[in-house]
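Scroll down for the structure; my scribbles are underneath it.
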Amino acid sequence: MITFFLIGNLVILGLGISEAAENAKILTRKSMRAVVSYEVDYDSYYSYINTLTDEDEINQAYQNSPTIDAAVAQELSKDERVIAFNYMVNTTAYSVGFDNVPVGNEENRGISTYTDENGNTVEYKDPNIMIYANMYPNMIELAEGTFQVVSGNMFTQSDIDDAKNVVLITQELADQNNLKVGDTITLTTMDTYSQQDYINGGVSADDLNLELEICGIYTTKNDVDPSSENYKWMSPYESPKNIVLMPMTSYAAYTEKLMDIQVKVHPEYYDGINLDDLKASASVPTKVVYLLDDPLHVDQFVEDHSSGLAPYTILNANNETFKKMARPLDTLSFFANIVVWIVVVNAVVIISLVTALTLKTREYEIGVLLSIGV
């Protein structure tokens, strides 16, 4: 009885450890964000190019580089497990007539200057605003509560369809410049030197700027980390307080206008380039991120939709991070299973020995019983 008791407890202990490890893996997955990104698999793409030896094939491969398919991205968003998604382009910009929210490291950065081709000393300024241009109003940050609109409203699908020049700014940026809903701000994606070059080419400064009406003000839970390694040299646009949100269509219209201006002033830059393709690529993100209703649905979502993707595009569920976190649990589960099998094998051996010893002590009795036909 003691032997069977010990064997049973060891088996239960091993199975319990294995089950606990599996439950811990589930909890680990649940603790991660339920996000999947539809993106270009650049690692596989460049590995393929490295296998090519013919110069024409290499050039052809670069010309036909993989991109995100807007139709596929839209189809993925219709899955019932998707809560929100970001079909978004991020770009830096310069504020015109208003100040960015200070990062707090301004005393470390100083002023950068360089000498242009004419021998003039030019002061270089980092971009100080980050633009998030999204094609749809249901942003992941709003769904998760990272961003919260506190005044006005998020731009609507109608604003996107009409390419309306509207924008949302952070509460801190509004307070810094005494801005409110209904006011306008002006941005430009060109630095001072580039602007002057085009102005000298007969372009007005207003043509290079983007004027946006504030439709909403939002707060963000994100902030700079003063203890991070790059904080000392962090640019203003890297601060979450300097992020502005606008429709993708409005941003695309602005970039198309700038390209037309650039072609007019410097046509030599675009010799042999398909301008329509270039304009279209400006509003195509490098990846689309989907927020699902449950982290446990992530793997199944990837499995359901991976077969219909174009070559060198993938659904990335950030499984490498999950595997890294779950590796110690897999090791624990592996050794727990080994313990169970060792106990089972030993149990069979011990029970066989006990049975054999019991029979050995009862040979005479068994012989008598056999002799009378039992």
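The values are calculated or read from the model by the stated rules, or taken from the named source; none is laboratory data. A quick note: this is a predicted structure, and the numbers were derived from the prediction, not measured. Using ideal geometry, Cβ is built from the backbone for each residue, glycine included, and neighbour counts are taken over all protein chains shown. For the accessible areas, the whole protein counts, side chains as well, though only heavy atoms, and no ligand, DNA or RNA atoms are used. Shrake-Rupley method; radii C 1.70, N 1.55, O 1.52, S 1.80 Å.
Looking only at the stretch 283-300, filter to residues that are open to solvent by 30 Å² or more (accessible area, probe 1.4 Å) and either small (Gly, Ala, Ser) or assigned to a loop (DSSP other than H, G, I, E, B) (or both); which one of those is nearest to ASP207 (Cα to Cα)? Ranking the candidates gives VAL284 first. Within the stretch 235-282, count every residue that is open to solvent by 20 Å² or more (accessible area, probe 1.4 Å), part of a loop (DSSP other than H, G, I, E, B) and among the small types (Gly, Ala, Ser). The number of residues fulfilling the criteria is 2. Which ones in the stretch 302-322 are farther than 21 Å from THR67 by Cα and of a type in the set (Phe, Trp, Tyr)? Answer for the stretch 302-322, where residues must be farther than 21 Å from THR67 by Cα and of a type in the set (Phe, Trp, Tyr): just PHE322. Is it the case that the stretch 301-323 has a residue that's of a type outside the set (Val, Ile, Thr), closer than 29 Å to LEU10 by Cα, open to solvent by 60 Å² or more (accessible area, probe 1.4 Å) and assigned to a helix (DSSP H, G or I)? For the stretch 301-323, residues of a type outside the set (Val, Ile, Thr), closer than 29 Å to LEU10 by Cα, open to solvent by 60 Å² or more (accessible area, probe 1.4 Å) and assigned to a helix (DSSP H, G or I): present.
On inspection, ASN200 fails the criterion of being open to solvent by 60 Å² or more (accessible area, probe 1.4 Å) and touching a Cys at 6+ places or on another chain (Cβ under 7 Å). The set of residues in the stretch 203-234 that are closer than 30 Å to LEU142 by Cβ, open to solvent by 50 Å² or more (accessible area, probe 1.4 Å) and of a type outside the set (Asp, Glu) comprises LYS221, ASN222, PRO226, SER227, ASN230. For beta carbons closer than 6 Å, sequence separation of 6+ or different chains, a first residue in the stretch 169-195 that is on the phi < 0 side of the Ramachandran plot and a second that is aliphatic (A, V, I, L, M) and open to solvent by 40 Å² or more (accessible area, probe 1.4 Å), the qualifying pairs are THR186/VAL96; THR188/VAL96. For the stretch 24-34, the criterion of being modelled with pLDDT of 80 or more, under 18 Å from PHE301 (Cα atoms) and surrounded by 13 or more Cβ atoms within 10 Å (Cβ to Cβ) is satisfied by at least one residue. Of all residues in the stretch 328-374, those satisfying the criterion of being over 18 Å from LEU15 (Cα atoms) and among the small types (Gly, Ala, Ser) are SER352, ALA356, GLY367, SER371, GLY373. Restricted to strands (runs of 3 or more DSSP E) entirely inside the stretch 122-176, those with at least 3 residues that are surrounded by fewer than 17 Cβ atoms within 10 Å (Cβ to Cβ) and of a type outside the set (Gly, Ala, Ser) are 147-152. For GLY8, the requirement of being farther than 27 Å from SER307 by Cα and at pLDDT 80 or above is met. Any residue that is over 19 Å from ASN86 (Cβ atoms) and at pLDDT below 80 - is there at least one of those in the stretch 238-260? The answer is no, given that none of the residues of the stretch 238-260 is over 19 Å from ASN86 (Cβ atoms) and at pLDDT below 80.
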